Structures are given as structure tokens and as C-alpha cells.
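To keep things clear, I will list the structure first and then write my remarks on it.
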Amino acid sequence: MPKDKVLPATPDVRFKGTFDFDGLYKLIRNWLDDRKYDYMEKVYKDKAASPFGNELELNMIPELKVTPYIKYHIEILIKVFDFKEFDAVVDGEKKKVSNGRLFIQITPEVEYDWQKKYKEGFAATLQELMVKRLLKRHFEIKYYDTLAYDAYDLQTKIKKFLRMKTIKSAY
Amino acid sequence: MAEVKNLVYGESFSFKGLMDVEDLYMLLDKWFKERGYDKNEIWNFEENYDDGKQITLKIQPYKKISDYAKVEIRLTAQLRKLKEVVIQKKKQKLKLMRGEASFTFDVFLTTDYEEHFQSSPILFFIKTIAEKYLYKGYVEKYEEKAVADKDAIKRELKSYLNMKRF
């Protein structure tokens, strides 16, 4: 079965200013490790795009086997334009900080039947009936909501790290 | 495709002065959560410029009233030229932002969002007739509820920003 998006619009963060890129990378990795996600990285691109700075692109595709039938995917796309690194003193400590336009997109998805046990014939039809009709609400409440709010949690953590103003979340 | 009815489009107000952006965001989030809306954040931009910080926020929380109708309130907030100021209130120092803000509201009612009546023309016809004549009262009730919710959050925002006419 194809992967199902759990949110109508993917949570994203856009930020322009100075930030700690290494810290941001560690924050995301730690967040994923705490939740026992298997970490995978599809793209890590760093190219000298313009005189204003480099263009950085990262595509992380971590996944978590929740049950033998359900798997979570969180695709994290990070793009930085006009990326420049320089040394600065932060809280009395010498640190490497980055400057640029940052874009982060978090796409949470649920995959059914990741072991491909029911991919053909009558089993596939039965599976579709179960997933799309009989147990639709059960899956939505149990898996979709959990993953969606996990994605929002990661977004809030990133916003907090970047010291953005919209960091408080009621959800 | 589900049918989307546009109930309010581009209703806006603006404000210039002091505000606590973190609390303002929390107020919006909390208000929608308490009324059973699901979070749906479309844009969240924060940019630092020479003349101050600029925040663009577009949220479109939705509430599934039934498995047939869904209400969506889209709020676009643009906060510009934000500069941090420290003010003293009752011997307490508060960090606030001074700047310009504009808020735009759109309200949508989506019917048959699960697309149960889209598979054949006859089902679509039955749905249209039912919506227009048999369940007209229900649909109107949903519309009124959506617009009332928009009015309530608008009032809440104006009252939070201490605007005189709310």
C-alpha cells in the first residue's frame, strides 16, 4: 500500500538570520534517536551556489517500525540558502555560527503492510477494505494523531532552538 | 473532490503598537485547541531584517463536525518591523515587541471531505439534492457555527491587543 500523509499541510519552519547549524543537526538527530527511529539520510549536498554563500540541502528519511504491520516515516528536508559560517562569541564562548535563509519541512507518513505480506490478489482487496473502511477511524486515532503531534513537537523544538517567537504550543 | 464553500474571504484588521508575540501565538493555539480544532500550520516564517523582525504565520485549523462536514478557519498573520522593547509594569520588567501586525481571516466549509459521494454521477446528484433541500438546515447550522467561531477568535485577538473597538 502507498504511504499515507497524516497532515493536510506539512509543518515547516522558515528562518532568516544567524543560527547554529551543527546544534540544529544534533537536535534533530537526538530527537529521532530518543524515539528510536532508524536514521537514514538520502541527500547531503553542499554547493557553492552564489557569491552570497553556499547552498545546503539535506534530506533525512528516518523510519520507525511501530508494529509488524505499521511503519512511521518522517521525511525531513533542510535547505539553507546563502549559507555562511563564521566564528563568534556566544555567551562568553567561542563558537562557529551560521548565517543564511533556512527552510525545514517535516513530512510525516504512515506505511501499512511494510513487510509486503498482503500486496497481491484477494489479500490486497481485504487489506484495502480493512484500512480504508472497517478500521479507518482506529488507525486515524491510534497512529495518525500520534505521528502528527510528534511532527509538531519536532517543529516546536526546532523553533525553540532557533529562538523564534512562535515557540509556545498548546497541542 | 470535496466541495469547499467559501463563507468569509479576506476579512482583516491591523494593529500597530506593543505586543507579546509568544503569548499571542499561544493564545491562538490554545483557543483553537479548546474548541476542538486540529492544528494545521501552513506557513511559519521568521526573518531578521535591519528594520526589525518579520514574522509571517498562516494557520488553517480544521474541525470535523461530522464525517460529512468540516470547518476550516484560515488565519494569516503578518507581523512587521518588530523591535524588542523593555517596559516596566508594576515594578516588573517585561520584554515586548513593538511593531505592525495585520490579521486576515478566511472561513471554509468543506462537505463530503471523505469523498463518499464522488464515485458516480448519480451519487453526486443525490448529494447535491440532499444538501440543497433535505439537509439544508444542517448545512446552514454548520455555516453559522463556522462564522461564529471566526467572530469569536477575532474578538479574542482584538481584546488581547487592547484594541478599543471589539
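The values are calculated or read from the model by the stated rules, or taken from the named source; none is laboratory data. Keep in mind the model is a prediction, meaning the values are calculated, not measured. Cβ sites come from the backbone with ideal geometry, for glycine too, and all protein chains shown count toward neighbours. With ligands, DNA and RNA removed, areas are computed over all heavy atoms of the protein, side chains included. Shrake-Rupley method; radii C 1.70, N 1.55, O 1.52, S 1.80 Å.
For the reader, a short list of remarks on this structure follows.
- Pairing each residue of the stretch A:126-143 that is closer than 12 Å to residue A:112 by Cα with any residue that is surrounded by 11 or more Cβ atoms within 10 Å (Cβ to Cβ) and among the hydroxyl-bearing types (Ser, Thr, Tyr), provided the two are 6+ apart or on different chains, yields C-beta distances under 6 Å for A:127/A:118; A:131/A:112.
- Under the condition of being closer than 23 Å to residue B:68 by Cβ and open to solvent by 30 Å² or more (accessible area, probe 1.4 Å), the residues counted in the stretch B:121-166 number 24.
- Restricting the stretch B:16-41 to residues that are assigned to a strand (DSSP E or B) and open to solvent by 40 Å² or more (accessible area, probe 1.4 Å) leaves a set whose member that is farthest from the other protein chains (Cβ to nearest Cβ) is B:16.
- When the criteria are applied in full, residue B:118 meets the requirement of being surrounded by fewer than 20 Cβ atoms within 10 Å (Cβ to Cβ) and over 15 Å from the mean Cα position of the chain (by Cα).
- Residue that is farthest from residue B:49 (Cα to Cα), among those in the stretch A:1-12 that are in a loop (DSSP other than H, G, I, E, B), within 14 Å of chain B (Cβ to nearest Cβ) and open to solvent by less than 70 Å² (accessible area, probe 1.4 Å): A:6
- Residues that are open to solvent by less than 10 Å² (accessible area, probe 1.4 Å) and polar (S, T, N, Q) number at least 1 in the following strands (runs of 3 or more DSSP E) confined to the stretch A:13-120: A:93-112.
Okay, residues lined up against (1) of a type in the set (A, V, I, L, M, F, W, C); (2) touching an Asp or Glu at 6+ places or on another chain (Cβ under 8 Å):
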site	(1), (2)
B:101	yes, no
B:115	no, no
B:129	yes, no
B:132	no, no
B:140	no, no
B:150	no, yes
B:156	no, no
B:159	no, no
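- Top-ranked residue of the stretch B:48-57 - restricted to ones that are at the interface with chain A (Cβ under 9 Å from one of its Cβ atoms) and open to solvent by less than 40 Å² (accessible area, probe 1.4 Å), ranked as farthest from residue A:171 (Cα to Cα): B:53
- Residue in the stretch B:79-88 that is within 21 Å of residue B:154 (Cα to Cα) and either surrounded by 20 or more Cβ atoms within 10 Å (Cβ to Cβ) or of a type in the set (Phe, Trp, Tyr) (or both) present: yes
- Filter result (β-branched (Val, Ile, Thr) and out of contact with any helix residue (DSSP H, G or I) (no Cβ under 8 Å at 6 or more places or on another chain)) within the stretch B:65-116: B:76, B:85, B:86, B:87, B:104, B:110
- Restricted to strands (runs of 3 or more DSSP E) entirely inside the stretch B:52-159, those with at least 3 residues that are under 25 Å from residue B:14 (Cβ atoms) are B:52-59, B:69-89, B:92-111.
- Residues located in the stretch A:121-155, provided they are polar (S, T, N, Q), more than 10 Å from chain B (Cβ to nearest Cβ) and surrounded by 14 or more Cβ atoms within 10 Å (Cβ to Cβ): A:127, A:146
- Unique residue being under 21 Å from residue B:141 (Cβ atoms), open to solvent by 40 Å² or more (accessible area, probe 1.4 Å) and of a type in the set (A, V, I, L, M, F, W, C) when the list is B:73, B:65: B:65
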